[in-house]
1. Being in contact with a His (Cβ under 8 Å, 6 or more places away or on another chain) and open to solvent by 30 Å² or more (accessible area, probe 1.4 Å) is the requirement here; does residue 3 meet it?
2. Count, please, the residues in region 95-131 that happen to be farther than 22 Å from residue 64 by Cβ and at pLDDT 90 or above.
3. Could you figure out which of (1) surrounded by fewer than 17 Cβ atoms within 10 Å (Cβ to Cβ); (2) part of a helix (DSSP H, G or I) isn't true of residue 20?
4. For region 23-45, does any single residue satisfy the condition of being acidic (Asp, Glu) and either in contact with a Lys or Arg (Cβ under 6 Å, 6 or more places away or on another chain) or under 23 Å from residue 114 (Cβ atoms) (or both)?
5. Confirm whether residue 86 is more than 19 Å from residue 2 (Cα to Cα) and among the basic types (Lys, Arg).
Amino acid sequence: MDDREVAAFVRRVAREVGRGREFAVVVASDAAVRQANTRFRGKRFSTDVLSFPDGEQGRLGDILISAHRAQRQARQHGHRVENELKLLILHGLLHLIGYDHESDQGNMRRAERRWRRKYGLEPALTERVTR
């Protein structure tokens with residue numbers, strides 16, 4: 001995996017999508033993500049990405065990504081793990097800036113599509129769910 005490529009993407013989306021506001025990205029084990037999902041959302045299963053808004057001193061928050069799920073989803077969708085991580089980071093960042101695909105009548109899906117096209121990413125996470 002090319003860590004520099006992913007780090008450069010984080011810097012770019014922080015500037016362009018996050019408007020220069022700080023956020024952290026943590027890639028962790030599936031067990032750690034499952035534990036966080038249980039603790040903070042009451043859901044006793046793992047997921048690919050979780051977002052934790054912060055808002056203190058202009059900080060957006062934290063994005064937690066399951067390494068195992070990112071690798072599996074990259075294989076499943078026929079692209080590199082770096083591309084999957086970028087999709088997960090973008091998805092998590094959109095949540096941090098206030099989008100919620102579960103309740104916003106498609107606003108997040110449209111925003112995610114617009115940004116992923118700009119960055120050459122395919123397919124969007126919200127589009128995978130609606131297919």
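The values are calculated or read from the model by the stated rules, or taken from the named source; none is laboratory data. Owing to the predicted nature of the structure, the values given are computational and were not obtained by experimental measurement. Ideal geometry is used to build each Cβ from the backbone, glycine not excepted, and the neighbour counts take in all protein chains shown. Accessible surface is based on the protein model in full, side chains and every heavy atom, while ligands, DNA and RNA are left aside. Shrake-Rupley method; radii C 1.70, N 1.55, O 1.52, S 1.80 Å.
1. Details: in contact with a His (Cβ under 8 Å, 6 or more places away or on another chain): no; open to solvent by 30 Å² or more (accessible area, probe 1.4 Å): yes.
Judged against the criteria, residue 3 is not a match.
2. Of the residues in that region, 7 qualify.
3. Every listed condition holds for residue 20 apart from (2).
4. Let us first name the residues in region 23-45 that are acidic (Asp, Glu), namely 30.
In the following step, the residues that additionally are either in contact with a Lys or Arg (Cβ under 6 Å, 6 or more places away or on another chain) or under 23 Å from residue 114 (Cβ atoms) (or both) were identified as none.
The answer is no; no qualifying residue exists.
5. Considered against the rule, which asks whether it is more than 19 Å from residue 2 (Cα to Cα) and among the basic types (Lys, Arg), residue 86 comes out as no.
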